[in-house]
Amino acid sequence: MKRLLLITSVMAVILGTATVLHAKEITVRGKLQKTVEAGGWLIAASDTKYLILNPKNFQGNGWFKEAANVEAVGEVKEVMTTFMEGTPFEVKSMQPVEQAVATPGRDDNRRVTRVMVSGDSIVQAQPDTAILTVSVVTQNRSAISAQQENAAKTDAVVRALKAAAGTGAEVKTSGYSLQPQRVYKEGQPPTITGYEARNSVTVTMSDLNKIGNVIDAAAQAGSNDVAGIAFTLRQDRPARDRALGEATREAMSKAQVIAQALGGRVVRIVEVQEEGFQRPPVPVYQTEGFLASAKSAVATPIEVGSLEISSRVQVIAEVETNL
């Protein structure tokens, strides 16, 4: 028993004092294999086998299994191990790789490079909603007079807007202000000469054929400032999806063209980022023209155009080549 303990102690000293004689960081590609002794793992590369010194760091991953193709970066170590089935290899990082299909006569010295491409798309969509903003502006020497006059006219304008736009429209106050009007003279403090009251009302409606009539009704009821019209989409998801799909296909097509130009192929998509956006509602500013038409016998003409929905997608792809 004493002799056995002595031999064990000597072996422990030898293993404990083993030093690294040489270390070189390399990249290894091959299949994972189990060693003859339970618990050990190898990377079987084309030229040699590498014994993984720290397999427990990677065994929690689902892809770490027998015959899996992996790529590992680490250092070759000249150390004493309990079994020597391959070159001792301390792995710093490891990831799975796709297995390339062997082709007779094909050069196996392939390289994988990453390319970054973007795809753009613009689709046309017919607007289904109009947003109209009108205001009542009144001026008077006293603040209360300007406010009371504005309140009376605004009440008439709101009633006219609701009647002309119909029950499906949304009419709401979007702004109100009462401000003094000042006269500035050099070397003197500003003088208040009167007050201006402004009450803005926004109408959101789906019946685009009524826009001209709504503008006319507002002007006839007392509105004297039309900020303009903006056309938009209440449900823009179908148009956005179509633009996103076209942008993605364009990006993939670019990646394929680059791969073919390099004499290779796209092996996988690493990352996809959407940088898409919808262009804001198209505003139409024609305040003077609106008011002039509204006060005349001719109805205000409104031509509804189309909206442009744009999308951009960025794709990072891995391309395998022989270069």
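Please verify whether the stretch 82-92 includes one or more residues that are at pLDDT 90 or above, β-branched (Val, Ile, Thr), surrounded by 15 or more Cβ atoms within 10 Å (Cβ to Cβ) and assigned to a strand (DSSP E or B). Scanning the stretch 82-92 turns up at least one residue that is at pLDDT 90 or above, β-branched (Val, Ile, Thr), surrounded by 15 or more Cβ atoms within 10 Å (Cβ to Cβ) and assigned to a strand (DSSP E or B). In the stretch 191-206, the qualifying residues are those that are surrounded by fewer than 18 Cβ atoms within 10 Å (Cβ to Cβ) and over 32 Å from the mean Cα position of the chain (by Cα), and the one that is farthest from Val158 (Cα to Cα) is Thr191. Looking across the stretch 132-170, the residues that are touching a Ser or Thr at 6+ places or on another chain (Cβ under 6 Å), under 22 Å from Gly194 (Cβ atoms) and polar (S, T, N, Q) come down to Ser135, Asn150. Does Ser200 fit the bill of being touching a residue at least 24 places away in the same chain (Cβ under 8 Å) and in contact with a helix residue (DSSP H, G or I) (Cβ under 6 Å, 6 or more places away or on another chain)? In short, no. For the stretch 207-221: of the residues being among the hydrophobic types (A, V, I, L, M, F, W, C) and within 16 Å of Glu303 (Cβ to Cβ), which is nearest to the chain's Cα centre (by Cα)? Going through the qualifying residues, I end up with Leu208. For the stretch 162-193, a residue qualifies if it is in contact with a helix residue (DSSP H, G or I) (Cβ under 8 Å, 6 or more places away or on another chain) and either on the phi > 0 side of the Ramachandran plot or not assigned by TED's automatic domain parsing to the domain that holds Ala227 (or both), and exactly one does: Gly166. Here Arg249 clears all of (1) surrounded by 15 or more Cβ atoms within 10 Å (Cβ to Cβ); (2) under 17 Å from the mean Cα position of the chain (by Cα); (3) at pLDDT 90 or above except the condition numbered (1). The number of residues in the stretch 146-174 that are hydroxyl-bearing (Ser, Thr, Tyr) and in contact (Cβ under 8 Å) with a residue 40 or more places away in the chain comes to 2. The set of residues from the stretch 175-190 being touching a residue at least 24 places away in the same chain (Cβ under 8 Å) and over 16 Å from Thr154 (Cβ atoms) comprises Pro180, Gln181. Residue check: Phe231 meets all listed conditions (1) surrounded by fewer than 16 Cβ atoms within 10 Å (Cβ to Cβ); (2) among the hydrophobic types (A, V, I, L, M, F, W, C); (3) assigned to a strand (DSSP E or B) but one, namely (1).
The values are calculated or read from the model by the stated rules, or taken from the named source; none is laboratory data. No experiment lies behind these values; they were computed from the predicted model shown. In this analysis, Cβ positions are derived from the backbone assuming ideal geometry, glycine residues included, and neighbour counts consider all displayed protein chains.
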